Each structure stands twice: as C-alpha cells, then as structure tokens.
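In what follows, a structure is listed as structure tokens, so that the remarks can point back to it.
The values are calculated or read from the model by the stated rules, or taken from the named source; none is laboratory data. These figures come from a predicted structure and were not determined experimentally. Every residue, glycine as well, gets a Cβ built from its backbone with ideal geometry; the counts of neighbours run over all protein chains shown.
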C-alpha cells in the first residue's frame, strides 16, 4: 500500500472508515481480494511474488495493512517480504501489541515499513523506522511512505477529503471515498518531500492516484466496519488502466 487514510471511532455509524490505494509495478503478479482457501477467515488480496498481502481483514475483525517507507539509500535486495507481516498477523493468534513485540527484534531483516494492526482490544501503528509501537487514538489519520500522519501533500489532502466524506453514510460514503482515491492532483513542486529519489520521480509519486507507464495505483480499497459489526469491503483493480477491470464487493457480519 502507498496511501491509507482512515477515520477511527470518528463516525456515528462506523467504528472504522478506511480508504487505501496500493501502488506497485504493473508486472508484479497479484490476485484480487477474496477469502483465502487455505485460511477461510481471511479476506485479502495476495502478492503472488512475496506470498504476503498488503491489506486484509478477518471474519473476527482482525485487520492489518502495510505501506513501504521510502528510503532508497537503505534498500536491501535480499530483505524479507514485508507483506508476510500482514499475512502472519491475519492468520495468527497474537493480539496487535503482542505481534509487534514479536516482530520488532527482527527489524533489520526488512526494508522500511509502516504497519497498522487492529484487534478487538486496540488499534496500533508500528514502523521499523519509527522505533516504538503507538496506540492509534480516535480521529482521522493518514499514512503514506513516511511515518503516520507525516504531512506529505497527498496525506494532507486525503485527510481533508475523508473528513468531508464522513458527512455521508452507505453508498454515498462509498462514492465519496472512491472519489478521494481517484484524485490525481499534483501538488506544487515546492511542497514535494525529499526522500532520496529524483525530483521527476517524486512528482510521479505525489498524487493520491498514481499513473505512469510501468508503475502506479494497482487497486483501490474501501473498508467500512460498522458499530453494528457489519463489514463492507470493496476493491477496484486497475493494473494500469484508467477504469477498473474488476470490482469486488464483500459484506459480512463479524463473528463474536
């Protein structure tokens, strides 16, 4: 994932309102979101190269998502797959805090990442570039390729748009969230972060929805978790196109 914006306990009807774009090279193989045959409680897409996933939820309400931390100077070609962290949490039994304590001693084996984890007890954020786990408070939050709520232009804009979207519910809310995720506005050059990539590439990566010849927004996901335990999960798969070639929708009630 390269952009996740979410409202946690900030809507009268929903415990979690989340919108996310997965940005990746178009030729990296992946399967669209579905319940996994080998772990039927898990709903997520699958990275067929690294064998992990970027975002998912279980029938009991365990949720996890990851973004890369952009730091090309420290990139390791032999690093462990970051997507497996999401998979391991969704398929495991540790709560969020226990899971972070379990993985943090192995930080140096991974390239930079940001991880958000939710269980029935709490919502946590952790980065192997941030140094400590953080309980996520109620409110609106944004995460791209730096630390949580770092005010990159796309994060600031996405948080503004999701705040406006919270005036709606149901299908109107879904439409507003997908409109947010399709935003292709480029920020002014002087507002771009400096992350170690060249300025032209930094510009390509700067909109909420990314489009380039070889890399861009592969999929957009909206997740709504109601206070009545009803879950709506919608994924639109683009893979380089202007319009989605696949739209998947899942509705279910969380197990108690």
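Are any of the residues in the range 117-140 closer than 22 Å to residue 191 by Cα, touching a residue at least 40 places away in the same chain (Cβ under 8 Å) and under 15 Å from the mean Cα position of the chain (by Cα)? Yes, some residue in the range 117-140 is closer than 22 Å to residue 191 by Cα, touching a residue at least 40 places away in the same chain (Cβ under 8 Å) and under 15 Å from the mean Cα position of the chain (by Cα). With respect to being without any contact (Cβ under 8 Å) to a residue 60 or more places away in the chain and farther than 23 Å from residue 155 by Cβ, residue 43 falls outside the description.
Taking the range 222-237 as the range and being surrounded by 20 or more Cβ atoms within 10 Å (Cβ to Cβ) and touching a helix residue (DSSP H, G or I) at 6+ places or on another chain (Cβ under 8 Å) as the test, the residues that pass are 222, 224, 236. In the range 168-187, the qualifying residues are those that are outside any helix (DSSP H, G or I) and in contact with a helix residue (DSSP H, G or I) (Cβ under 8 Å, 6 or more places away or on another chain), and the one that is nearest to residue 250 (Cα to Cα) is 168. Return a yes/no flag: does the range 142-164 have any residue that is surrounded by fewer than 16 Cβ atoms within 10 Å (Cβ to Cβ), more than 25 Å from residue 60 (Cα to Cα), modelled with pLDDT under 95 and more than 19 Å from the chain's Cα centre (by Cα). There is no residue in the range 142-164 that is surrounded by fewer than 16 Cβ atoms within 10 Å (Cβ to Cβ), more than 25 Å from residue 60 (Cα to Cα), modelled with pLDDT under 95 and more than 19 Å from the chain's Cα centre (by Cα). Could we say that residue 114 is under 16 Å from residue 65 (Cβ atoms), modelled with pLDDT of 95 or more, assigned to a loop (DSSP other than H, G, I, E, B) and touching a strand residue (DSSP E or B) at 6+ places or on another chain (Cβ under 6 Å) here? Spelling it out, it is not the case that residue 114 is under 16 Å from residue 65 (Cβ atoms), modelled with pLDDT of 95 or more, assigned to a loop (DSSP other than H, G, I, E, B) and touching a strand residue (DSSP E or B) at 6+ places or on another chain (Cβ under 6 Å). Does residue 182 satisfy the condition of being within 22 Å of residue 238 (Cα to Cα) and exposed (fewer than 14 other Cβ atoms within 10 Å of the Cβ)? No: the conditions fail for residue 182.
If you check residue 159 against the conditions, is it more than 26 Å from residue 212 (Cβ to Cβ), part of a helix (DSSP H, G or I) and in contact with a strand residue (DSSP E or B) (Cβ under 6 Å, 6 or more places away or on another chain)? Against the criterion (more than 26 Å from residue 212 (Cβ to Cβ), part of a helix (DSSP H, G or I) and in contact with a strand residue (DSSP E or B) (Cβ under 6 Å, 6 or more places away or on another chain)), residue 159 does not qualify.
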